[in-house]
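S.K.: Supplied in structure tokens, the structure appears directly below.
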Amino acid sequence: MNLVTDKTALRARLRDRRRRLGAEVPGAAARAAALLPLERLPPFAAFSGYFPLGTELDPRPLMLRLAENGATPSLPVAVSRDEALEFRLWDPRDGLEPDSFGIPSPPAWADAVVPDLVIAPVLGFDRLGHRLGQGAGHYDRTLANLRAARPVFVIGLAYSGQEVDRLPVEPHDQRLDAILTETGYIEVG
């Protein structure tokens, strides 16, 4: 098997695991949000979450906590299937509209935001900060672009049961700086 085949098979197993965890661990999103040690984060003025799909751990409790502390919230928008994501100001009072993947996102008229902190969805993670996503590479491209311009802190949000011993990685894969789960906060060294 090659690395791509390994990742594809692993994604299928981890999707099944995440579906199970979504049913078995109610309230995980709120517990995770409460466990984030704000004092251990680098300074940030703007952050991005994501709109949860399926059984992805819902970042909205965490996003509300960060916004209550004065940071500007945004959501990612896929303007095309092949480009990096862009970020737009998220105001919960405004409606969302589908992006190029059909994911609810801030409308085109919403202000652009460059986040200092990114909450990333996770299909699987390891303690080295490797993240397995859905496979389209959007977060890897986006994080590489952000990090080329300035520091950005990336937190993977996941159920603790999504942890694996070691993920297969490729040169373009972007590492997480920390992982937040319903059982705790994991800093990556």
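S.K.: Report the residue, chosen from 173, 99, 111, that carries the largest GNM mean-square fluctuation when the chain is represented by alpha-carbon nodes joined by springs under 10 Å.
M.R.: 111
S.K.: Calculate the spin-label point distance for residue 12 paired with residue 165, positioning each point 7 Å from the Cα along the beta-carbon direction, and give it in nanometres.
M.R.: Spacing of the two 7 Å Cα→Cβ label points: 2.2 nm.
S.K.: Report the FRET efficiency, 1/(1 + (r/R0)^6), for residue 100 and residue 39, where r is their Cβ-Cβ distance and R0 is 35 Å, rounded to 0.05.
M.R.: FRET efficiency, residue 100 to residue 39: 0.40.
S.K.: Where does region 42-138 land on Rg(C-alpha)/(2.2 N^0.38 Å)?
M.R.: In units of the globular-protein estimate, region 42-138 measures up at 1.06.
S.K.: Be a star and scan region 108-136 for residues whose amide nitrogen sits under 17 Å from the point 7 Å along the Cα-to-Cβ vector of residue 69.
M.R.: Under cut-off, by backbone N: 115-120.
S.K.: Another question about this same structure. Given the chain reduced to its alpha-carbon atoms as identical point scatterers, what log10 I(q)/I(0) does the Debye formula return at q = 0.13, 0.16 Å⁻¹?
M.R.: -0.64, -1.01
S.K.: Separate question: Hey, rough spin-label estimate for residue 91 and residue 185, points 7 angstrom out along Cα→Cβ, what's it come to in nanometres?
M.R.: Placing both labels 7 Å along Cα→Cβ, they lie 3.0 nm apart.
S.K.: Using a probe radius of 1.4 Å on heavy atoms only, what accessible surface per residue do you get for region 34-189? Whole Å² is fine.
M.R.: 46 Å²
S.K.: Still on this structure, please answer the following. Determine the share of the chain's accessible area contributed by carbon and sulfur atoms, expressed in whole percent, with a 1.4 angstrom probe.
M.R.: It is 53 percent, rounded to a whole number.
The values are calculated or read from the model by the stated rules, or taken from the named source; none is laboratory data. Fair warning: this is a prediction, and the values are worked out from it, not measured in the lab. Every residue, glycine among them, receives a Cβ derived from its backbone with ideal geometry; neighbour counts consider all protein chains shown. Note: accessible area is taken over every heavy atom of the protein model, side chains too, but ligands, DNA and RNA are not part of it. Shrake-Rupley method; radii C 1.70, N 1.55, O 1.52, S 1.80 Å.
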